[in-house]
Amino acid sequence: MRRLKPIITISCLTLVFTLSALSVQAKSTLWKVSSEKGAMYIQGSAHILKAENYPLAPEIEQAYSNAATLVLEVDMGEMMSPRTQQLILSKAMLKQPDSLQTMLSPEVYTQLETVAAESGIPLAALQQFKPWFATMTLTIVKMKKMGLDENLGLDRHFYTRAQQDGKKVIGLESIDFQIALFNSLAEENPDDFVTRALAEIDQIEHELNRLLEAWETGDLQALETIINRCFIDYPKQYKTFITDRNKAWVRQLDDMLNSGETHMVVVGAGHLPGEEGVINLLKKQGFSVEQL
């Protein structure tokens, strides 16, 4: 069965984000980037992890201590605001009289209903949400059953620390931009999208273990291979969700590196490896890059 490649932002990338935190002791999670004017630390982010993953490795704590500014994909303060929650709901909701049941074929709807029931969520609770939001919800529930918790995410951890320590927090993207990215998945054929998403959800635990092995051994090439396989049939989505964003981020990171101020950057681990990954793009800019 073909896997869902557009759902990469919901499952494969969710796994990649989680991966870096599940092995925070690994050398491959943290990088130091240096310019003539200053330094920057880049840590592969994890939006969901376990309590047992804390405390973090001393190198990570030291990198945070050395930094004057924390840089995240989005400002967590903006992410957690009531305005953002309302915006997410407004984008995720179907317009009446549409519902999951009217959008999906009876066969696919029954499959979704079965997976939702196994997750402990009545499908009626998801009925008015778009397929991307419904399947994302089921993905998160599956990961929580594996003992993972988004409240323990690395980005949230450092955001809370930065607030307590009075450090400046910068978001590389606006929440509106990220929500628009996810909402673009609504353009997919509903039946195809949900069918492939359910297959992907079924493979989450297996994929997570493979990603963990690659990360724990510091094998960025293996991690890149897994990511590329997820996107192999969907180069447009890879460009939209990965490479375009990497290039936009590096332009901002370039300015930060030349500002003379030390930054701690926490972004999704899936953005680090590869020819057009953040690490290699920074090397191409002439910066010195070192794994810690």
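Could you tell me which residue of region 29-61 is surrounded by the most Cβ atoms within 10 Å (Cβ to Cβ), considering only residues that are farther than 28 Å from Lys142 by Cα and out of contact with any strand residue (DSSP E or B) (no Cβ under 9 Å at 6 or more places or on another chain)?
We begin by selecting, within region 29-61, every residue farther than 28 Å from Lys142 by Cα; these are 31-42, 58-61.
Okay, now just the ones that are also out of contact with any strand residue (DSSP E or B) (no Cβ under 9 Å at 6 or more places or on another chain), so 36-37, 58, 61.
Numbers: Glu36: 10, Lys37: 10, Pro58: 9, Glu61: 12.
Step by step, filter region 29-61, then rank; the result is Glu61.
Looking only at residues that are farther than 16 Å from Thr195 by Cα and of a type in the set (Ser, Thr, Tyr) in region 110-160, which one is modelled with the lowest pLDDT?
Result: Ser119.
Identify the residue in region 202-218 that is modelled with pLDDT of 70 or more and out of contact with any Leu (no Cβ under 6 Å at 6 or more places or on another chain) and, among all such residues, is farthest from Met136 (Cα to Cα).
Residue satisfying both the conditions and the ranking: Arg210.
Restricting to region 125-137, give me the number of residues that are among the hydrophobic types (A, V, I, L, M, F, W, C), surrounded by fewer than 23 Cβ atoms within 10 Å (Cβ to Cβ) and within 16 Å of the chain's Cα centre (by Cα).
First, the residues of region 125-137 that are among the hydrophobic types (A, V, I, L, M, F, W, C): 125-126, 129, 132-134, 136.
Within this subset, residues satisfying the condition of being surrounded by fewer than 23 Cβ atoms within 10 Å (Cβ to Cβ) are 125-126, 129, 133, 136.
Those still in the list that are within 16 Å of the chain's Cα centre (by Cα) too: 133, 136.
Total satisfying the criteria: 2.
Go through region 44-143 and tell me which helices (runs of 4 or more DSSP H), entirely inside it, have 2 or more residues that are closer than 28 Å to Glu188 by Cβ and among the β-branched types (Val, Ile, Thr).
On the way: elements: 58-66, 76-79, 82-92, 100-103, 106-119.
Filter on region 44-143 gives 82-92, 106-119.
For Leu257, work out the one condition from (1) closer than 18 Å to Gly44 by Cβ; (2) touching a strand residue (DSSP E or B) at 6+ places or on another chain (Cβ under 6 Å) it doesn't fulfil.
Every condition holds for Leu257 apart from (1).
Say we look at region 219-248 and pick out the residues that are modelled with pLDDT under 75 and closer than 18 Å to Lys283 by Cβ; which of these is surrounded by the most Cβ atoms within 10 Å (Cβ to Cβ)?
Leu223
Tally up the residues in region 281-292 that are assigned to a strand (DSSP E or B) and among the polar types (S, T, N, Q), please.
First, pick out the residues of region 281-292 that are assigned to a strand (DSSP E or B): 288-291.
The next check asks that each one be among the polar types (S, T, N, Q); those that pass are 288, 291.
Residues in region 281-292 being assigned to a strand (DSSP E or B) and among the polar types (S, T, N, Q): 2 in total.
Please specify each residue of region 87-108 satisfying the condition of being free of Cβ contacts under 8 Å to residues at least 40 places away in the same chain and within 21 Å of the chain's Cα centre (by Cα).
The one that is free of Cβ contacts under 8 Å to residues at least 40 places away in the same chain and within 21 Å of the chain's Cα centre (by Cα): Leu89.
When only residues in region 254-280 that are crowded, with 23+ Cβ neighbours inside 10 Å and in a helix (DSSP H, G or I) count, which is farthest from the chain's Cα centre (by Cα)?
The extreme case among them is Leu257.
Restricting attention to region 120-132, does a residue exist that is out of contact with any helix residue (DSSP H, G or I) (no Cβ under 6 Å at 6 or more places or on another chain) and in contact (Cβ under 8 Å) with a residue 40 or more places away in the chain?
Narrowing region 120-132 to residues out of contact with any helix residue (DSSP H, G or I) (no Cβ under 6 Å at 6 or more places or on another chain): 120-122, 124-125, 128.
Restricting the remaining residues to those that are in contact (Cβ under 8 Å) with a residue 40 or more places away in the chain gives none.
No, region 120-132 contains no residue that is out of contact with any helix residue (DSSP H, G or I) (no Cβ under 6 Å at 6 or more places or on another chain) and in contact (Cβ under 8 Å) with a residue 40 or more places away in the chain.
The values are calculated or read from the model by the stated rules, or taken from the named source; none is laboratory data. Not measured: the values here are computed from a predicted model. When we count neighbours, we look across all protein chains shown, and the Cβ atoms used for this are built from the backbone with ideal geometry, even at glycine.
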